[in-house]
Amino acid sequence: MTFIRLPGAPALIVGACLGLALPLGAHAQDYPSRPIRLVVPFPAGGPTDAYARLIGQKLSETWKQTVVIDNKPGATGLIGSNIVKEAAPDGYTLLFTSNSAQVIGPLLHKPASFDSVADFTPVTMVIRYPMYFLVSSALPARSLKEFVALAKQRPGKLNYSSVGLGSGGHLACELINLAAGIDTVHVPYKGAAPAQAALAAGEVDFMCDSVGFSQPMVQAGKMRGLAVTASKRSPAVPDVPTAAEEGVRGVEAYIWTGVFGPKGMPDAIRDKLQTEVARIMALPEFKARADKDGSEIIAGSPASLTQDMTAEKATWARVIADKNIKAQ
């Protein structure tokens, strides 16, 4: 290829570059100018879907554009995530997901169908909540210490339910198994409701779930809450100790929800989304809901989400490898 240098060429090149840059800035300033598709890789009715709909409604009210919630469940969230991964990076196809789909899901497949950080544009972590360690009311253990002692007396005999293979509850229970040096059996169910019902009926011995979903069952005497996998006690259940207080250390684990765009989404659009989601989450109605659910509002920066995901991948990769967990 031959290049011909012409007088004034540098100025022309700079002018051309500026001409290309201006529309990007203009697009970000005018964003959004048409409806937004917010993909949720889980069925309608779950906690991730609920927050997606609440935030989508507020975005619609503020920006005067429709936000369409598009539920695309399946394959531990990979179906919905891949839709957004392959979408145009213009801010009009976004992902509202959880770490069980975005971080854990890809680790269960060899090779991974995507890189949870590099193949997306992280926007913000919205909320997070610790796992709630629950036991059947028929079990004699009334503390996590007592449960560990019981499990050591009955290796391989106690079992636990989860919402499915590779879910946050599944891996949180396995993390406790590793930290406490106990051996229990996983019984996966198809969703949160049947997993919880199995524990309430005494079909399984324990499970790891959210405070918001399970505390009503605790209050009804259907199960007992023994610990939370957090660095400090949950304001929603202040009388329940952390796992570390009960002598089981190294099991700080959270489920979180977050917003992502396709890789290459302009920074200006990313930042506009993050700022608006943070404003929404600061509203009193959202704080009240989060407190009731035992959740912590994060609404942090893209950089902090990226950093947290990178660290979390290492933790869950270790659990998956140690317990030889594979997608079915």
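For the reader, a short list of remarks on this structure follows.
- Yes/no for Ala50 being out of contact with any helix residue (DSSP H, G or I) (no Cβ under 7 Å at 6 or more places or on another chain), in a helix (DSSP H, G or I) and surrounded by 13 or more Cβ atoms within 10 Å (Cβ to Cβ): yes
- Test: residue in the range 233-248 that is under 21 Å from Ala290 (Cα atoms), touching a residue at least 12 places away in the same chain (Cβ under 8 Å), within 20 Å of the chain's Cα centre (by Cα) and buried (at least 19 other Cβ atoms within 10 Å of the Cβ): yes
- Those residues of the range 297-311 which are part of a helix (DSSP H, G or I) and either among the small types (Gly, Ala, Ser) or farther than 22 Å from Gln102 by Cα (or both), in sequence order: Ala303, Ser304, Ala311
- If you filter the range 254-284 down to residues that are under 12 Å from Tyr51 (Cα atoms) and not β-branched (Val, Ile, Thr), you find that the one that is surrounded by the most Cβ atoms within 10 Å (Cβ to Cβ) is Gly258.
- Residues (assigned to a helix (DSSP H, G or I) and crowded, with 16+ Cβ neighbours inside 10 Å) located in the range 285-296: Phe286, Arg289, Ala290, Asp293
- With respect to (1) over 15 Å from the mean Cα position of the chain (by Cα); (2) closer than 25 Å to Gly166 by Cα, the lone exception for Asp271 is condition (2).
- Of the residues making up the range 220-263, those that are in a loop (DSSP other than H, G, I, E, B) and among the aliphatic types (A, V, I, L, M) number 10.
- Flag for Ser214 being buried (at least 22 other Cβ atoms within 10 Å of the Cβ) and at pLDDT below 95: yes
- Only residues that are surrounded by 18 or more Cβ atoms within 10 Å (Cβ to Cβ) and among the acidic types (Asp, Glu) were counted across the range 297-328, and they come to 2.
- Enumeration of residues in the range 112-147 that are outside the structural domain of Lys292 (by TED's automatic domain parsing), surrounded by fewer than 20 Cβ atoms within 10 Å (Cβ to Cβ) and of a type in the set (S, T, N, Q): Ser137, Ser143
- Evaluating Ala327 against the criteria (1) within 28 Å of Ala75 (Cα to Cα); (2) in the same structural domain as Ser100 (by TED's automatic domain parsing) leaves one unmet condition, (2).
- Meets criteria (part of a helix (DSSP H, G or I), of a type in the set (Gly, Ala, Ser) and assigned by TED's automatic domain parsing to the domain that holds Ala101) for Ala314: yes
- Residue list for the range 146-191, restricted to those being in contact with a strand residue (DSSP E or B) (Cβ under 9 Å, 6 or more places away or on another chain) and charged (D, E, K, R): Glu146, Lys157, Glu174
- Candidates Leu95, Leu6, Leu24 - the one that is closer than 19 Å to Met265 by Cα and either modelled with pLDDT of 95 or more or loosely packed, with under 11 Cβ neighbours inside 10 Å (or both): Leu95
- Candidate set from the range 64-90 (those that are under 19 Å from Lys272 (Cα atoms) and touching a Gly at 6+ places or on another chain (Cβ under 6 Å)); member that is surrounded by the fewest Cβ atoms within 10 Å (Cβ to Cβ): Pro89
- Residue match in the range 194-208 (condition: surrounded by fewer than 15 Cβ atoms within 10 Å (Cβ to Cβ), of a type outside the set (Val, Ile, Thr) and within 24 Å of the chain's Cα centre (by Cα)): yes
- Subset of the range 257-285 [of a type in the set (Ser, Thr, Tyr) and in contact with a strand residue (DSSP E or B) (Cβ under 6 Å, 6 or more places away or on another chain)]: Thr257
Every residue, every condition in (1) of a type in the set (Gly, Ala, Ser); (2) free of Cβ contacts under 8 Å to residues at least 12 places away in the same chain; (3) over 25 Å from Val218 (Cα atoms), yes or no:
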residue: Thr124; (1), (2), (3): no, no, yes
residue: Ser143; (1), (2), (3): yes, no, no
residue: Glu146; (1), (2), (3): no, yes, no
residue: Asn159; (1), (2), (3): no, no, no
residue: Val163; (1), (2), (3): no, no, no
residue: His170; (1), (2), (3): no, no, no
residue: Ala180; (1), (2), (3): yes, no, no
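- Residue in the range 150-161 that is within 25 Å of Thr97 (Cβ to Cβ), at pLDDT below 95 and crowded, with 21+ Cβ neighbours inside 10 Å present: no
The values are calculated or read from the model by the stated rules, or taken from the named source; none is laboratory data. Fair warning: this is a prediction, and the values are worked out from it, not measured in the lab. For neighbour counting, all protein chains shown are included, and Cβ atoms are generated from backbone atoms with ideal geometry for every residue, glycine included.
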